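Please read the structure below before turning to the comments.
The values are calculated or read from the model by the stated rules, or taken from the named source; none is laboratory data. These numbers come from a predicted model, not from an experiment. We place every Cβ from the backbone using ideal geometry, glycine too, and count neighbours over all the protein chains shown. We work out accessible area using only protein heavy atoms, side chains counted, and drop any ligands, DNA or RNA first. Shrake-Rupley method; radii C 1.70, N 1.55, O 1.52, S 1.80 Å.
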Amino acid sequence: MSHPPGEEGLADALMRWLDGATRFVEPHPTIVGARRTIYEGADKLIAVEQRTSAGPNKVGRTHLLAALADLEATIYAHGRASSDADRVGIALAGSPL
């Protein structure tokens with residue numbers, strides 16, 4: 001919510017964070033789709049904030065936060081530990097998260 005308006009690095013920063021957060025999760029179509037929704041939402045938010053000089057778009061940022069919450073719920077519903085998670089001792093590969 002506190003990211004500066006119109007910052008082109010927002011989408012990249014989100015994707016780096018998402019890569020770290022999902023590093024130990026096996027790919028699943030629903031999870032991949034939820035990640036894509038976040039990335040596309042960040043791109044739209046940046047475009048809107050760049051077109052208007054009114055400052056941060058609170059509605060857009062709220063929708064982006066909701067998409068992050070959806071990703072979290074999707075991971076809990078469909079997520080399975082990856083072999084990387086098994087290798088570092090987080091969870092057995094294939095076990096539910």
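Going residue by residue through segment 60-76, is there one that turns out to be of a type outside the set (Val, Ile, Thr), touching a residue at least 60 places away in the same chain (Cβ under 8 Å) and surrounded by fewer than 16 Cβ atoms within 10 Å (Cβ to Cβ)? Yes, that holds for at least one residue. In the set (1) open to solvent by 80 Å² or more (accessible area, probe 1.4 Å); (2) closer than 16 Å to Asp19 by Cβ, the condition left unmet by Arg51 is number (2).
Contact map, segment 33-57: first residue free of Cβ contacts under 8 Å to residues at least 60 places away in the same chain, second residue charged (D, E, K, R) and open to solvent by less than 50 Å² (accessible area, probe 1.4 Å), Cβ cut-off under 6 Å, separation 6 or more or different chains; pairs are Asn57/Glu49.
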